[in-house]
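Please treat every number below as a calculation from the coordinates, not as lab data. Nothing here was measured: the structure is a model prediction, and the numbers come from that model. Virtual Cβ from ideal backbone geometry, glycine too; neighbours counted across all protein chains shown.
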Amino acid sequence: MPPKLEISVGQCSDKGLKKDNQDFHGYVCPKEPQLSYKGVAIAIADGMSGSDAGKEASQASIVGFLDDYFCTPDSWSVKYSVQKILSATNSWLYSTGHSKYQSAKGMVCTLSILIAKSHTAHIFHIGDSRIYRIRNKNLELLTRDHRIWVGDGKSYLNRAMGIEPNLNVDYRSFTLEPGDIFILSTDGVHDFIQDRDIKQIIDENSGDLQRASEMMVAKAMQSESNDNVTCQIVQIDSLPMASSDEISRLNTNRPFPPPLEPGMILDGYHVQEEIHASKRTQVYRAFDAKTERNVILKTPSINYEDDPVFIEHFLHEEWAGKRLSHNNILKVLGNDRPKRCIYYVTEYIGGPTLRQWMDGNPKPEIKTVYAIIEQISNGLGAFHRLEMLHQDLKPENIIIDESGVVKIIDFGSVKIAGIAETKKPASNDPVLGTLNYTAPEYLLGQRGDLRSDLFSLAVITYEMLNGALPFGKDMPEKTSRIKLGRLQYVASMEHNPMVPAWMDEALKKALSINPNQRYNVLSEFVYDLKHPNPRFIGSAKTTTPLIQRNPLLFWKSLGAIQFLIILILAYLISV
């Protein structure tokens, strides 16, 4: 059995000299597949002493987080998941504290979280609880206290859960190593124990973390701690294989299917015809005898049978497709029968690809183009809400069904943030996009984001409106910043005078070589395609040279000016 993430935990809490224990702590180490997709979560909180309901705040923060984190989509990254949860929790603490206790200190607590996922540790921290790490017998403080000292030994928290409406949480991540030990503590412990005592207690109780945590609490109380005392100790016992994830493990022993021919039957699917074939995959139309409907079978090419990276990508296609539920995205069907080999099944869609539609409609009306682009954007937005990037949006990967519904049909290059975290940080997958539609940052070997998918959508929009590519030629295959900097956007007026200048400016912005100059969200781009942005009205005429906007008018005007100059000179000479 391949190695997996395994931890040992010890934890102890006591009210100490206080009347009530306002600390709260907990951890969850789930079973597969959540262990791979979400990791292990450990959290500690300390209710603020001057808070009206510090105990309730710390308990709500820990219980709410540990419950909600494992309910977030598997495709979400750790950082995105935790920030979403903490932002919502903070809003609830802040509003409840003000409404119920009429105080800015109504429900306030510190919070420190450790997520161990695959080979990476993620730390989230606000307040003055702490997280330490012991590696190679060296003790290191990983967090910083959000506490302001005002003199005479007095201090106050300047950042905490529930103290302000907007949350500012410290975040950091780093690679895990087997044997790493993490200590999470509240100030009732670490304010009364020296670093050497922490190391000594861990060393003397290395085989019993529960006893080590109890000894840590006891040591703080012996040192006259006047606060609640809570300590958690976590050791990383083992890490998973570098490239393993639950998806791959479930399919380890499945073979590739043989080349399929019409008339062959695979697990009850009657193959009718091959629709598409490339060096990587084959796509077949088949009849499902069980459901009595046409479906699509997608199979991997036997040429990649010994390529683990390709196999991983193919398996992730099905995984991603099953989690995407949207009218403008191809539906991947669930497994209702055992599989003998690696393939997946989708709904069958009758209708042309967008490329075929464009070939048959070389000069479509602008409102028709907008209606299609709006649907593509809606489907693309569903990817982004699950922290997925499509990365290969092009006319060939879009189908318009018989009722006019537009669907994104290919998931072969989809990047899933949550799955990407299961790999070692040094691993970089090649981008599988298509030249002319792939965002420039990918061509430079950089990471993309939703603005990269936006670039691809804008290329499609430009091509539908103008029947040409936005930079007048193919993107350079072996590119560089210098080559990309030489690319010049070609105004739509040169191809299609019917495209309004303000719409062309929206396209130009979305097609910026620098992603920081593009729209930040799809909806802004789609809105500006239909509604004239005041910033764009008239700007095209002032920013685009006449020779680019209307070459014929430019040369006619230049000729007229030259002729007028000749007449003036002739008159002056004659006089």
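If I take R0 = 60 Å and measure r between the Cβ atoms of residue 331 and residue 196 in this structure, what FRET efficiency does the formula 1/(1 + (r/R0)^6) give, to the nearest 0.05?
Computed FRET efficiency for residue 331 and residue 196: 0.50.
With the convex hull built on the Cα atoms of the range 6-238, state its orientation-averaged projected area in nm². Mind showing how you got there, number by number?
Working: hull surface 49.0 nm².
Mean orientational projected area (the range 6-238, Cα hull): 12.3 nm².
Rg/Rh for the range 413-504: what does it come to with C-alpha atoms and Rh from Kirkwood?
With Rg and the Kirkwood Rh in hand, the quotient comes to 1.05.
Starting from the Cα-Cα distance between residue 494 and residue 265, subtract it from 0.36 nm times their residue separation and give me the gain in nm to one decimal. Roughly 77.1 nm would be gained on extension.
Going from the residue with the fewest nearby Cβ atoms within 10 Å to the one with the most, 537, 329 rank 537, 329.
Taking all pairs of distinct Cα atoms, average 1/r, flip it, and tell me the Kirkwood hydrodynamic radius of the range 337-407 in Å to one decimal place. Display every interim value, and only then the final one.
On the way: mean 1/r = 0.0714 Å⁻¹.
Computed over the range 337-407, the radius equals 14.0 Å.
Think of it as helices only: each DSSP H run of n ≥ 4 in the chain is worth -39500 (n - 2.57), and spread over all residues that comes to -10500 deg cm²/dmol at 222 nm. Bridging of residue 154 to lysines at a Cα separation below 23 Å is possible for 15, 18, 19, 55, 105, once same-chain residues fewer than 8 apart are set aside.
Considering only the other residues whose Cβ falls under 12 Å of the Cβ of residue 520, what net charge follows from Lys and Arg at +1 and Asp and Glu at -1? Don't skip to the end; give the middle numbers.
On the way: positive: 451, 509, 518; negative: 449, 524.
Overall, the nearby charge balance is +1.
Average 1/r across all pairs of distinct alpha carbons in the range 138-202, invert it, and you get the Kirkwood radius: 14.8 Å.
Report the FRET efficiency, 1/(1 + (r/R0)^6), for residue 238 and residue 164, where r is their Cβ-Cβ distance and R0 is 35 Å, rounded to 0.05. Each step should come with its number before you reach the end.
Working: r = 40 Å, r/R0 = 1.15.
Efficiency at R0 = 35 Å is approximately 0.30.
The listed peptides 515-521, 362-368, ordered by packing as a protection proxy, come out as 515-521, 362-368 (highest mean of other Cβ atoms within 10 Å first).
Computed from Cα positions, the angle between helix 54-69 and the longest principal axis of the chain comes to roughly 50 degrees.
Using the Kirkwood radius over C-alpha pairs as Rh, can you work out the diffusion coefficient of the range 94-191 via Stokes-Einstein at 25 °C, viscosity 0.890 mPa s, in µm² per second? Don't skip to the answer; put the middle values down first.
Numbers: Rh = 15.0 Å.
D = 164 µm²/s.
Extents of the range 2-61, taken as max minus min of Cα coordinates on every principal axis and listed largest first, are 49, 19, 11 Å. What angle do you read, to the nearest 10 degrees and between 0 and 90, between the alpha-carbon axis of helix 308-323 and the longest principal axis of the chain? Helix 308-323 sits roughly 90 degrees off the main axis of the chain.
For the range 354-544, the C-alpha radius of gyration divided by 2.2 N^0.38 Å, with N the number of residues, is 1.01. The alpha-carbon of residue 290 sits under 16 angstrom from the alpha-carbons of these aspartates and glutamates, leaving out residues fewer than 8 places away in its chain: 267, 336, 347. Computed on the chain, the Cα convex hull volume stands at 241 Å³ per residue.
Along the range 133-142 the Karplus relation, 6.51 cos²θ - 1.76 cosθ + 1.60 evaluated at θ = phi - 60°, assigns HN-Hα couplings of 9, 10, 9, 6, 6, 9, 8, 9, 7, 9 Hz to successive residues, with x for each Gly and Pro. Karplus-based coupling profile of the range 181-198, in residue order and whole Hz: 10, 10, 10, 10, 8, 8, 5, x, 9, 6, 6, 10, 10, 6, 4, 5, 5, 4, with θ = phi - 60° in 6.51 cos²θ - 1.76 cosθ + 1.60 and x standing for Gly or Pro.
Run through the range 29-64 and list the trypsin sites (Lys or Arg not before Pro) located in a DSSP loop whose Cβ has at most 13 other Cβ atoms within 10 Å. Counting only loop positions with at most 13 other Cβ atoms within 10 Å, the trypsin sites (Lys or Arg not before Pro) in the range 29-64 are 31. The Cα trace of the range 14-109 gives Rg and Dmax of 14.9, 45 Å, the first to one decimal, the second as a whole number. Eigen-decomposition of the gyration tensor built on the alpha-carbon atoms of the range 121-262 gives equivalent ellipsoid semi-axes of 41, 22, 11 angstrom, largest listed first.
Mind ranking 65-75, 119-129 by how tightly packed they are, going by the mean number of other C-beta atoms within 10 angstrom, highest first? Please report the intermediate quantities before stating the final value.
Working: 65-75: 17.6, 119-129: 23.6.
Descending packing order for the listed peptides: 119-129, 65-75.
In this structure, the pairs whose alpha-carbon distance is over 28 Å, taken from 31/415; 117/509; 79/508; 279/367; 322/473, are 117/509; 79/508; 279/367; 322/473.
Counting each pair of different Cα atoms once, what's the Kirkwood radius of the range 246-347 in Å, rounded to one decimal? Provide the component values of the computation, followed by the final result.
Details: mean 1/r = 0.0711 Å⁻¹.
One decimal place: 14.1 Å for the Kirkwood radius.
Using a basic spin-label model with each label point 7 Å from the Cα along Cα→Cβ, how many nm lie between residue 322 and residue 572? About 8.3 nm separates the two model spin labels. Multiplying the residue separation of residue 79 and residue 447 by 0.36 nm and removing their Cα-Cα distance gives an extension gain of 130.8 nm.
Helix 366-385 and the longest principal axis of the C-alpha atoms of the chain enclose an angle of approximately 20°.
In whole percent, what relative contact order does the chain give with Cα contacts below 8 Å and a gap of six or more residues? Let's see the in-between values first.
Values: 1090 pairs, mean separation 66.7, N = 575.
Normalised by residue count, the contact order of the chain is 12 percent.
Using the Cβ-Cβ distance between residue 136 and residue 15 with R0 set to 30 Å, the FRET efficiency from 1/(1 + (r/R0)^6) comes to roughly 0.25.
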